[in-house]
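Asker: For reference, the structure I am asking about is given below.
The values are calculated or read from the model by the stated rules, or taken from the named source; none is laboratory data. This is a predicted model, so every value here is computed, not measured. FYI the Cβ positions are ideal-geometry reconstructions off the backbone, even for glycines, and counts take in every protein chain you see. In case anyone asks, the SASA skips ligands and DNA or RNA and just uses the protein heavy atoms, side chains included. Shrake-Rupley method; radii C 1.70, N 1.55, O 1.52, S 1.80 Å.
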Amino acid sequence: MEGRTNEFQKSNREPRVNRVTSRDGEEPAEVARFLHQLVTEVARVHRGDSRTAFPLNRCSPEELAAALPKWKRFLDLAMVTLLLPVWLPVMTLIALWVAVTSPGPIFYRQPRIGFKGRRFMLIKFRTMKVNAETHIHEAYLEHLIVSDRPMIKLDATGDPRLILGGKFLRATGLDELPQLFNVLKGEMSLVGPRPCTVGEFERYAPEQRARVNALPGLTGLWQVNGKNRTTFRQMIEMDIFYSRNISLSLDLKIILRTLPAIVVQFFDSVQPLPRSGAQPTPPVKT
């Protein structure tokens, strides 16, 4: 479910960013600040400045080298930079759409679990209305963790909490485009396991926590191998497999298969899969 069913999951101790409504003109100002910060970071990369405005989480050089080898960081920065003329206008249009169609913050920020269990602040476009209830998603996630059913999103049957166009943004993954900012910061990679929520991580069995031995990613082995057609257990197995087999060839294969996977995911959202019974385990393609 790539974290979408958990989008509004937070503990009672954590503030709900989206509960704070914005004054007139605050949404465009947030877009401007975001774009300014983004362009500044990209300019640093172009200059070859090794220092970034967003330092990596502290960890040993050996751990970081295994999870983020030089070729992987180069691939991340090269693709994000080269594709800037494509994704930046798209992000700007989406930001304006959210600001115009739904009162409240444009971006949704939430603590997620990153490399070696370290927390970072994930950013994505807000796709639910302000003050949306979260207990339904939380209960649904718990059910998926303990059951062996396909991880079909609640969006598939329609969700009145979504903003106008929210279902399309989530089905196509466009709501996750701001995570390119997390990639530039070094908190995420283009390819890696889906970054889970804090509450989800707390429910993991000890052996399942091995999935955080790789930097989380925008796309990954699970996302291109069925995603909503697979179970929670299968997702964990694919993520652990990836963390133990990181390679340039595997990353390139996953990137090339991402767009077709998004197309399949979109059509699945139009014609949702049946909820009864688990789907057969799909073969893991690498």
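Asker: Could you list, in sequence order, the residues of region 63-117 that are part of a helix (DSSP H, G or I), open to solvent by less than 10 Å² (accessible area, probe 1.4 Å) and either at pLDDT 95 or above or charged (D, E, K, R) (or both)? Outline the logic, then answer.
Answerer: To start, the set of residues in region 63-117 that are part of a helix (DSSP H, G or I) comprises 63-67, 70-82, 84-101, 115-117.
Next cut, open to solvent by less than 10 Å² (accessible area, probe 1.4 Å) only: 67, 72, 76, 80, 91, 95, 98.
72, 76, 80, 91, 95, 98, listed by residue number.
Asker: Here's a follow-up. For residues that are charged (D, E, K, R) and either open to solvent by less than 20 Å² (accessible area, probe 1.4 Å) or touching a strand residue (DSSP E or B) at 6+ places or on another chain (Cβ under 6 Å) (or both), tally how many sit in region 224-256.
Answerer: Going through region 224-256 one residue at a time, the tally reaches 3.
Asker: Is there a residue being closer than 17 Å to residue 112 by Cα, surrounded by 21 or more Cβ atoms within 10 Å (Cβ to Cβ) and modelled with pLDDT under 95 anywhere in region 216-223?
Answerer: No, that holds for no residue.
Asker: Of the residues that make up region 139-151, is at least one more than 29 Å from residue 67 (Cβ to Cβ) and at pLDDT 85 or above?
Answerer: no
Asker: Counting only residues that are among the basic types (Lys, Arg) and either at pLDDT below 85 or under 16 Å from the mean Cα position of the chain (by Cα) (or both), how many does region 120-135 have?
Answerer: Selection size over region 120-135: 2.
Asker: Within region 257-269, restricting attention to residues that are without any contact (Cβ under 8 Å) to a residue 60 or more places away in the chain and over 19 Å from residue 75 (Cα atoms), which residue is least open to solvent (accessible area, probe 1.4 Å)?
Answerer: Among them, the one singled out is 261.
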